[in-house]
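Inspection log for the structure reproduced underneath, given as structure tokens.
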Amino acid sequence: MAKTAIIGGTGVTNMPGLTLNYREMVKTIYGAPSSPLIHGSINGCEVIFLARHGRRHTIPPHLINYRANVKALQEVGVTHVIALAAVGGIAENCDEQSLVIPDQIIDYTYDRSHTFHGAKHDKFEHIDFTEPYSSPIRQKLIDSAKSLKLPVVTEGVYGAIQGPRLETAAEIKRMENDGCTVVGMTGMPEASLARELGLEYACCAMVVNRAAGKVPSGINFQQIEKNLKGGVDQVQKLITEVLGRGF
Ligand code: HPA
């Protein structure tokens, strides 16, 4: 039976609408995940919630123990993961407040433990990552968002950058030339680690700002905060609908 987890990103350190059942602190051979796993339900549907940046949003993107997070979810029997992420919009259709369900990734991160294959893993295998996201989860996110009339962008290329600083205008131009439509700091190696463990994984990205150089007025952190709040409301509705439909 499917068991669904939500990984909450910036602005989503707890999931609104989630009724707490119990907390579980899991310890993996890669260390502890960013937060206890919150076992609970949304609208009667069981779900597990993990705060990617920690309960008090203290872990920056480059210091997240992605391996421990993904491994902890697998160890408690999770089969499906919906990863929430705040992103900057590069493409014109990825405007502030839209929800983007990316279908591709370009990885610009470095210096992160990006694979389970190493000394602690007994068998080495390549993974097929041609399609980095789970198409059944993506479809469910898209159908649900459309039925709720949320401003959804049904495809996109997530450019994963190292952070924690934002980009220069030239870096965004380069990413745009590469084909990236949104930019975020946490999409990798989370997605490929989930694939290594055979988890169905997709991302729901909330656009909280136009990327560097995309608006003459520049980055406005107060506006980002406002967009995050609006995005969280939308995401709560979306997740409730998705869970109600089931996997
Ligand atoms: N760049 C990288 N990550 C982000 C951004 C951005 O503009 N906005 C939210 N996360």
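The values are calculated or read from the model by the stated rules, or taken from the named source; none is laboratory data. In this text the structure is predicted, and so the values were computed from the model without any measurement. Cβ atoms come from the backbone with ideal geometry, glycine included; neighbour counts cover every protein chain shown.
For beta carbons closer than 6 Å, sequence separation of 6+ or different chains, a first residue in the range 171-190 that is in contact (Cβ under 8 Å) with a residue 60 or more places away in the chain and of a type in the set (K, R) and a second that is near the ligand (Cβ under 10 Å from one of its atoms) and in a loop (DSSP other than H, G, I, E, B), there are no qualifying pairs.
When the range 57-66 is filtered for residues that are in a loop (DSSP other than H, G, I, E, B) and over 12 Å from G8 (Cα atoms), the ones remaining, listed by number, are T58, I59, P60, I64, N65.
Quick one: which of R67, R52 is in contact (Cβ under 8 Å) with a residue 60 or more places away in the chain, crowded, with 17+ Cβ neighbours inside 10 Å and closer than 15 Å to I6 by Cβ? Give the derivation first.
Working: R67 fails: closer than 15 Å to I6 by Cβ.
Answer to the check: R52.
Would it be correct to say that D103 is at pLDDT 95 or above, loosely packed, with under 15 Cβ neighbours inside 10 Å and either in contact with a Gly (Cβ under 9 Å, 6 or more places away or on another chain) or of a type in the set (A, V, I, L, M) (or both)? So D103 does not fit the description; no.
Of all the numbered requirements in (1) over 25 Å from G230 (Cβ atoms); (2) crowded, with 22+ Cβ neighbours inside 10 Å; (3) β-branched (V, I, T), T168 misses one, and that requirement is (2). Scanning the range 85-113 for residues that are more than 19 Å from T168 (Cα to Cα), of a type in the set (A, V, I, L, M, F, W, C) and either within 13 Å of the ligand (Cβ to nearest atom) or in a loop (DSSP other than H, G, I, E, B) (or both) yields A85, V100, I101. Within the range 1-44, the set of residues being out of contact with any helix residue (DSSP H, G or I) (no Cβ under 7 Å at 6 or more places or on another chain), outside any loop (DSSP other than H, G, I, E, B) and small (G, A, S) comprises G8, G40, S41.
When N227 is tested against (1) assigned to a loop (DSSP other than H, G, I, E, B); (2) on the phi < 0 side of the Ramachandran plot, just one condition goes unmet, and that condition is (1). Would you say G77 is touching a residue at least 60 places away in the same chain (Cβ under 8 Å), assigned to a loop (DSSP other than H, G, I, E, B) and over 28 Å from E155 (Cβ atoms)? Yes. Before we move on, is V47 within 24 Å of V208 (Cα to Cα), in contact with a strand residue (DSSP E or B) (Cβ under 9 Å, 6 or more places away or on another chain), among the β-branched types (V, I, T) and in a strand (DSSP E or B)? Here the answer is no, as V47 does not meet what is asked.
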